[in-house]
Amino acid sequence: MKRMAIYPGSFDPFTLGHMDITQRALNLFDHVYIAIGKNKGKDPLFTAEERKIQIENVFRDDSRISVIIFDYLLVDLMKELGTNVIIRGLRAVSDFEMELQMASVNRVLYSSSESVFLMTSDKYSFLSSRMVKEIASMNRENLKKFVPPAVEVELYKKFQS
C-alpha cells in the first residue's frame, strides 16, 4: 500500500524552507501532494496556477510529488485523494499553537485525519514567504538564499521595474 500525505499551504512563493519540509516528508511517505490552497482572504503575489507551475518546475524530476490546487476544505481533498495524513512545517513554538488548532478542527471534520509536524531545519527557521516577498521587492541579489532557482526567476520577473 502506498503511503501518501498532503502538504497544504499558500506557497506564495515556495521557499527553500518549503522544499526542505517536502524532501523530508518524502523520507516518511511514498508520495506527497503539495496542495496549493486558494485563500479568498489573501491577495497573493502569484496566482495559484503560477505557483503550481513554479513548484512543478522545482520537482520536475521527482515523480513522488504531485502539485494540485484546491479551494475547498482540506479534509474533503484528503478524502478525494484517499489519504488521511497532513504534513505541516513548524519554524518555532509560536507556529505550534495555530497548527494544533487546525489539526484539532481537521480531526473533528474527518476523524481519520492525522497531522505530522516536521520541524524546519535550523537554517530555514527564520524564513517565511512574506519575508521573501519583501526582500524580492527591494533587493533582487540575495534571493537564491531563500528560494529555489525556478522561483527566483519568477520573482525577478514579478518585481522588474
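Summary of computed values
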| item | result |
| --- | --- |
| Residues of region 54-94 classified as touching a Ser or Thr at 6+ places or on another chain (Cβ under 6 Å) and over 25 Å from Ser111 (Cα atoms), total | 1 |
| Single condition Ser10 does not satisfy, out of (1) among the hydroxyl-bearing types (Ser, Thr, Tyr); (2) touching a strand residue (DSSP E or B) at 6+ places or on another chain (Cβ under 7 Å); (3) surrounded by 19 or more Cβ atoms within 10 Å (Cβ to Cβ) | (3) |
| Residue in region 85-107 that is among the β-branched types (Val, Ile, Thr), over 18 Å from the mean Cα position of the chain (by Cα) and farther than 23 Å from Lys42 by Cβ present | yes |
| Scope region 124-138; condition in contact with a helix residue (DSSP H, G or I) (Cβ under 9 Å, 6 or more places away or on another chain) and free of Cβ contacts under 8 Å to residues at least 12 places away in the same chain; matching residues | Ile135 |
| Every pair of residues 6+ apart whose Cβ atoms lie under 7 Å, when the first sits in region 69-87 and is over 11 Å from Ala35 (Cβ atoms) while the second is among the polar types (S, T, N, Q) and surrounded by 14 or more Cβ atoms within 10 Å (Cβ to Cβ) | Val75/Asn106; Val75/Ser113; Asn84/Ser113 |
| Some residue of region 102-124 being in a loop (DSSP other than H, G, I, E, B) and of a type in the set (A, V, I, L, M, F, W, C) | no |
| Residue in region 139-152 that is in contact (Cβ under 8 Å) with a residue 60 or more places away in the chain and touching an Asp or Glu at 6+ places or on another chain (Cβ under 6 Å) present | no |
| Qualifying residue in region 42-64 (condition: at pLDDT below 90 and of a type outside the set (Asp, Glu)) | yes |
| Candidates Val105, Val93, Val75, Val67, filtered to the one that is crowded, with 18+ Cβ neighbours inside 10 Å, farther than 18 Å from Pro148 by Cα and of a type in the set (Val, Ile, Thr) | Val75 |
| Odd one out for Pro149 among (1) closer than 13 Å to Phe14 by Cα; (2) buried (at least 16 other Cβ atoms within 10 Å of the Cβ) | (2) |
| Inter-residue pairs, beta-carbon under 7 Å, first within 20 Å of Gly82 (Cα to Cα) and in region 97-117, second of a type outside the set (A, V, I, L, M, F, W, C) and in a loop (DSSP other than H, G, I, E, B), 6+ apart | Asn106/Ser113; Arg107/Ser113; Ser112/Asn84; Ser113/Asn84; Glu114/Asn84 |
| Residue match in region 44-53 (condition: under 15 Å from the mean Cα position of the chain (by Cα), farther than 22 Å from Lys145 by Cα and loosely packed, with under 14 Cβ neighbours inside 10 Å) | yes |
| Cross-chain or 6+ apart pairs with Cβ under 6 Å, region 10-30 first and on the phi < 0 side of the Ramachandran plot, then part of a loop (DSSP other than H, G, I, E, B) and of a type in the set (Lys, Arg) | Leu26/Arg64; Phe29/Arg3; Asp30/Lys2; Asp30/Arg3 |
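The values are calculated or read from the model by the stated rules, or taken from the named source; none is laboratory data. Since the model is a prediction, treat every value here as computed from it, not as a measurement. As a convention, Cβ positions derive from the backbone with ideal geometry for all residues, glycine included, and neighbour counts pool all protein chains shown.
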